[in-house]
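K.L.:
Take this structure first; my questions come after.
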Amino acid sequence: MRPNYPIKSPAPRTEQIILFRVSGQLFAVSSASVQEVRGVDSLSGAAKEISQPSLRKVKHVVRRGENSVYVVNAAMHFGLPPAPPALVFVLRQTRTALLIDGIEKMTSMSRLQALPLAFCHEERGWYRGLTALDQSVVPVVKPDGFLTPEELFLLDASLSNEAEAEASGIAEDNAQHGIDTSMAQ
């Protein structure tokens, strides 16, 4: 007869997360999905205003090499009251930077619960799930859930239209001043 040995359950897999605040609400994001954290002031010279009336949550774009990174106001995205953002998360493997109020802390989560059926609209695309931390339930955001492919298309088209208008304006200005750019060497 064999003795009954207790079966070891595998140690729960943990994931490092960053808890952050937006308009007083707590959210979490995987620390692996945040490429860098910057102060809002650091964007002042690099950010260019963009106007897309149907996407009020995006007011700025930052060029990073060949890519345009769109700055999403998290309070507007989540439908929360406006609050002055202090930090920007530049999200990895997306074209999104996220304006937030501040970082609460870094911690780890060992369990990610599926979203309840009460999350039944666009918010299903915003969150990976929920986690329980310190007696609180915290939504864990999807880094690629802030801008849909359709929204990125609209923003890219808006940028392209602005660039064409700017080039056209420069050409008209040069023509008015008698500058021939075709002869430039």
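K.L.:
Within the set of other residues whose C-beta is less than 13 Å from the C-beta of Ala75, count the net charge using Lys and Arg as +1 and Asp and Glu as -1.
P.N.:
On the way: positive: Arg21, Arg56, Lys57, Lys59; negative: Asp101.
Local charge sum for Ala75: +3.
K.L.:
Here's something else I'd like to know. Can you give the accessible area of Leu91 in Å² (nearest 10), computed on protein heavy atoms with a 1.4 Å probe?
P.N.:
Using a 1.4 Å probe on the heavy atoms, I get roughly 0 Å².
K.L.:
Another question, then. Using modelled amide H (1.01 Å from N, peptide plane; none on Pro or chain starts), what sits under 5 Å from the amide H of Gly129, excluding residues fewer than 5 places away?
P.N.:
Val140
K.L.:
Consider a paramagnetic label point 7 Å from the Cα of Glu66 along Cα→Cβ; state which residues of the range 137-163 have an amide N under 11 Å from it.
P.N.:
Backbone N within reach: none found.
K.L.:
In the full protein assembly as shown, how much of Ser31 is accessible to a 1.4 Å probe, in Å² to the nearest 10?
P.N.:
Per-residue accessible area (Ser31): approximately 30 Å².
K.L.:
Shape of the range 18-98 from its Cα gyration tensor (a ≥ b ≥ c, root eigenvalues): rounded if a/c is under 1.5, otherwise prolate when a/b > b/c, or oblate? Walk me through the numbers before you get to the answer.
P.N.:
Details: a/c = 1.62, a/b = 1.14, b/c = 1.42.
Taking the square roots of the gyration eigenvalues as a ≥ b ≥ c, the range 18-98 is oblate.
K.L.:
Sticking with this one: How large is ³J(HN,Hα), in whole Hz, for each residue of the range 107-112 in order, when computed from phi with the Karplus curve 6.51 cos²θ - 1.76 cosθ + 1.60 and θ = phi - 60°, using x for Gly and Pro?
P.N.:
7, 10, 10, 10, 9, 10
K.L.:
Okay, next question. Calculate one ³J(HN,Hα) per residue across the range 118-135 by plugging θ = phi - 60° into the Karplus curve 6.51 cos²θ - 1.76 cosθ + 1.60, and present them in order as whole Hz with x for glycine and proline.
P.N.:
Going residue by residue, I get 4, 7, 10, 10, 4, 5, 5, x, 7, 10, 7, x, 10, 9, 9, 9, 6, 6 Hz, with x marking Gly and Pro.
K.L.:
Right, next: About its Cα centre, what dipole magnitude does the range 13-133 give when the only charges are +1 on Lys and Arg Cβ and -1 on Asp and Glu Cβ, stated in debye to the nearest 20?
P.N.:
Details: 15 positive and 9 negative charges, 38 e Å.
Approximately 180 debye in magnitude.
The values are calculated or read from the model by the stated rules, or taken from the named source; none is laboratory data. This structure is a prediction, so every number in the text was calculated from the model and none was measured. Cβ coordinates were reconstructed from backbone atoms using ideal geometry, including for glycine residues, and neighbour counts include every protein chain displayed. What goes into the accessible areas is simple: the full protein's heavy atoms, side chains included, and nothing from ligands, DNA or RNA. Shrake-Rupley method; radii C 1.70, N 1.55, O 1.52, S 1.80 Å.
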